[in-house]
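Here's the structure, in structure tokens; my notes come after.
Please treat every number below as a calculation from the coordinates, not as lab data. Bear in mind the structure is a predicted one, so any value in this text is a computation, not a measurement. Cβ coordinates were reconstructed from backbone atoms using ideal geometry, including for glycine residues, and neighbour counts include every protein chain displayed.
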Amino acid sequence: MKIDHQPASSILSTATGFISDFDYTLNPYSGCAFACSYCYAAFFTPTQALQDEWGQWVRVKDNALDLLKRRRNRPLIDKVIYMSSVTDPYQPVEKWLELTRALLRELLDYHQVHLVIQTRSPLVCRDLDLIREFASARVNMTVTTDDETIRKAFEPTCPPNTLRLDAIRDVAAAGIDTCVTLAPLLPVRDAESFAARLAATGVRKFAIQHFHATRSRFVAGTGARARALLAERGWDERHYARVKQALAARLPDLREGRAGFAPIW
Ligand code: SF4
């Protein structure tokens, strides 16, 4: 893993496309050590080399906190922030850098925002003391399958889904708004028992999304590996629909696609 430190020109970006219900995205890092085979964020890298090496590099936005401090004289009031859209704010490097944590502290002390944290890392639990202080905050935990062999094939360097479920249970128990994002939903071994495990976390909001192979440069890059893995396992739209139906029967607040990611729910 190559870790660089590079200043960014800005830290808040206008949210567009799938997440345009938000006002801003906030990405403390570029790149992501979790290296998911299907990661769409790889498509947004500035060069083909960085795209090809997705998952092997992280750039730390060293000046992220200073950039946010410049907003103190123009506080963010009632703005909806998505953290993060093209990286995981709780990937391993965050454990010792605590950059995400510093940004949370700054948002809390100088702004009044609605915050949605998107992660697949149990490290988010370290910051529950701050997250619970926001008047409006939600933690979205990505969980993609009930099958560790599938997780290891598609996301070999991500935390096991069991740890993610334990973590989001702890977030919910802390009284913080939570959602499990089943996105993209990967092959599932037993939909009924998976639904029972999801419900047992205490989370009541669920978002689901099928794996999308869009026509873009991305598909020819990192997406191709994930598509090949899915094809090997015979996972297609029909399987997805069947699992979605089984989950929906047991998880009343299951929303699909953009509706599941909407900040106000
Ligand atoms: S955790 Fe998110 S940003 Fe990181 S590689 Fe996986 S999908 Fe991409």
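With the charge dipole of the chain set up from +1 on Lys and Arg Cβ and -1 on Asp and Glu Cβ about the Cα centre, the Cα lying farthest toward the positive end among the listed residues TYR82, ALA102, VAL139 is that of TYR82.
Computed on the stretch 2-261, with alpha-carbon pairs under 8 angstrom and 6+ residues apart, the relative contact order is 18 percent. Work out the FRET efficiency for MET1 and SER193 from their Cβ-Cβ distance, taking R0 = 22 Å, and round it to the nearest 0.05. The value I calculate is 0.05.
Cα centroid distance between the stretch 40-66 and the stretch 21-35, in Å? Using only Cα atoms, the two centres lie 10 Å from each other. Under 25 Å between alpha carbons, and skipping anything fewer than 8 positions from LYS205 in its own chain: which lysines qualify? Filter leaves LYS79, LYS244. Here the spin labels are modelled as points 7 Å beyond Cα on the Cα-Cβ line, and at PHE44 and THR14 they lie 1.5 nm apart.
Of all DSSP bridge pairs formed entirely within the chain, close to 15 percent run antiparallel.
Distance between the pseudo-spin-label points of ASP109 and TRP96 (7 Å out from Cα toward the beta carbon): 2.5 nm. Per-residue ellipticity at 222 nm from helix content only, as computed over the chain with -39500 (n - 2.57) for each DSSP H run of at least four residues, stands at -9500 deg cm²/dmol. Over the chain, one equal point on each Cα, no solvent: what is log10 I(q)/I(0) by the Debye formula at q = 0.11, 0.14, 0.15 Å⁻¹? At q = 0.11, 0.14, 0.15 Å⁻¹ the computed log10 ratios are -0.58, -0.98, -1.13.
For the stretch 26-125, the relative contact order is 36 percent, taking Cα pairs closer than 8 Å that sit 6 or more residues apart in sequence and dividing their mean separation by the residue count.
Close amide H partners of ARG138, meaning residues 5 or more places away or on another chain with modelled amide H under 5 Å apart, are LEU115, VAL116, ILE117.
Taking 18 Å as the cut-off, the amide N atoms of the stretch 109-137 that come nearer than this to a point 7 Å along the Cα-to-beta-carbon line of ASN73 belong to 110-111. Couplings 3J(HN,Hα) of the stretch 70-78, computed from phi: 5, 8, 4, 7, 9, x, 7, 10, 6 Hz, in residue order, whole Hz [Karplus 6.51 cos²θ - 1.76 cosθ + 1.60, θ = phi - 60°; x for Gly and Pro].
Arranged from fewest to most other beta-carbon atoms within 10 Å of their beta carbon, ARG59, ARG74, ARG250 become ARG74, ARG250, ARG59. Across the stretch 140-265, the relative contact order, built from alpha-carbon pairs under 8 Å that are at least six residues apart, equals 28 percent. The charge dipole of the chain, taken about the Cα centre with unit charges on the Cβ atoms of Lys, Arg (+1) and Asp, Glu (-1), comes to about 300 debye, rounded to the nearest 20.
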